[in-house]
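As structure tokens, the structure follows; a few thoughts come after it.
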């Protein structure tokens, strides 16, 4: 998943830990929401 790779890049570049990962989207289907839940990604929808 691209979002997880971006988090790892941020950790390596800054040396700081990420306290939480958020995904903001106008729509997300059930399977994608479940995948985010398994990966520990918070999802915010409108």
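Annotations
- Residue in region 33-40 that is touching a helix residue (DSSP H, G or I) at 6+ places or on another chain (Cβ under 8 Å) and outside any loop (DSSP other than H, G, I, E, B) present: yes
- Every pair of residues 6+ apart whose Cβ atoms lie under 8 Å, when the first sits in region 8-28 and is free of Cβ contacts under 8 Å to residues at least 40 places away in the same chain while the second is surrounded by 10 or more Cβ atoms within 10 Å (Cβ to Cβ) and in a loop (DSSP other than H, G, I, E, B): 10/18; 11/18
- Per this entry, residue 24 is counted among residues that are exposed (fewer than 12 other Cβ atoms within 10 Å of the Cβ) and within 14 Å of the chain's Cα centre (by Cα).
- Residue match in region 9-21 (condition: part of a strand (DSSP E or B) and either exposed (fewer than 10 other Cβ atoms within 10 Å of the Cβ) or touching a strand residue (DSSP E or B) at 6+ places or on another chain (Cβ under 7 Å) (or both)): yes
FYI, it's all coordinate maths here, none of it is from the lab. Owing to the predicted nature of the structure, the values given are computational and were not obtained by experimental measurement. Virtual Cβ from ideal backbone geometry, glycine too; neighbours counted across all protein chains shown.
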